[in-house]
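Remarks on the structure that follows.
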Amino acid sequence: MNYKDIQLAAENLIMEYLKKCGGQFEPPIPVEAIADVYLGFTIDRIDLGSNVAGKLSLEEKIIQVNDSDIFERQNFTIAHELGHIRLHTKNEQLIVKLPFAHDNKTIMCRKTDRAKVEMEANHFASNLLMPKICILAEHAKVCDRKNEEKIKILAVKFKTSKAAMRYRLENLKLLVDENQLALFK
Ligand SMILES: [Zn+2]
């Protein structure tokens, strides 16, 4: 699956939600409401230990989120599970690649798993929480700030971790090389 299609899938989900439930296409994107109000998944916050970010039961329609993570990381986990739901569960060939737990009923997402389906779900989550069009609009308001300030302001606005925002801004080439800039001062 190419990354452009993943971006479109994430943006479509936001638009479907807004059409049904109302609201504006602006941050913060209500990922929890998209999961429960719109798609009918129960969000269950429990301690999943240090390695697991989330679990997804398609049968019972439950998304378990590790509550030992910070709130912003939990938000990313919900968005990541929505990625699996939208990208991977309608295609038999992709379902077998999902990281199922031993019981074979639950998808178990570990923080360090770099499998293709996991990276795709992360890319979906990034586009869901930080849609390109919203990032560009909000970035324009802070574009003269230093990288660290920008990341901090936008992370608060979009309710993401600073690490996720840094990665997203790098990805969209919105961070400047400040060492390089210093040379010209
Ligand atoms: Zn996953």
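On the given criteria, is K97 under 28 Å from K4 (Cα atoms), assigned by TED's automatic domain parsing to the domain that holds L172 and free of Cβ contacts under 8 Å to residues at least 40 places away in the same chain?
Numbers: under 28 Å from K4 (Cα atoms): yes; assigned by TED's automatic domain parsing to the domain that holds L172: no; free of Cβ contacts under 8 Å to residues at least 40 places away in the same chain: yes.
So K97 fails the test.
Based on this model, can you work out whether E81 counts as under 13 Å from the mean Cα position of the chain (by Cα), within 11 Å of the ligand (Cβ to nearest atom) and either under 18 Å from L129 (Cβ atoms) or in a helix (DSSP H, G or I) (or both)? When the stated conditions are applied, E81 passes them. Can you confirm whether the stretch 149-165 contains a residue that is touching a helix residue (DSSP H, G or I) at 6+ places or on another chain (Cβ under 7 Å) and within 16 Å of the ligand (Cβ to nearest atom)? Yes, there is a match, as at least one residue in the stretch 149-165 is touching a helix residue (DSSP H, G or I) at 6+ places or on another chain (Cβ under 7 Å) and within 16 Å of the ligand (Cβ to nearest atom).
Please go through the stretch 136-161 and pick out each residue that is part of a loop (DSSP other than H, G, I, E, B) and more than 19 Å from I29 (Cβ to Cβ). If you could, list the steps in order and put the result at the bottom.
Filtering the stretch 136-161 for residues part of a loop (DSSP other than H, G, I, E, B) gives 142-146, 159-161.
C143, D144, R145, K146 - these are the residues of the stretch 136-161 that are part of a loop (DSSP other than H, G, I, E, B) and more than 19 Å from I29 (Cβ to Cβ).
Please determine whether any residue of the stretch 123-134 is assigned to a helix (DSSP H, G or I), modelled with pLDDT of 95 or more and surrounded by fewer than 16 Cβ atoms within 10 Å (Cβ to Cβ). Yes, there is a match, as at least one residue in the stretch 123-134 is assigned to a helix (DSSP H, G or I), modelled with pLDDT of 95 or more and surrounded by fewer than 16 Cβ atoms within 10 Å (Cβ to Cβ). Taking D67, is it within 20 Å of the chain's Cα centre (by Cα) and more than 13 Å from the ligand (Cβ to nearest atom)? Taking the combined requirement at face value, the residue satisfies it.
The values are calculated or read from the model by the stated rules, or taken from the named source; none is laboratory data. Just so we're clear, the structure is a prediction, and the values are computed from it rather than from any experiment. Note: ideal-geometry Cβ built from the backbone for every residue, glycine included; neighbour counts use all protein chains shown.
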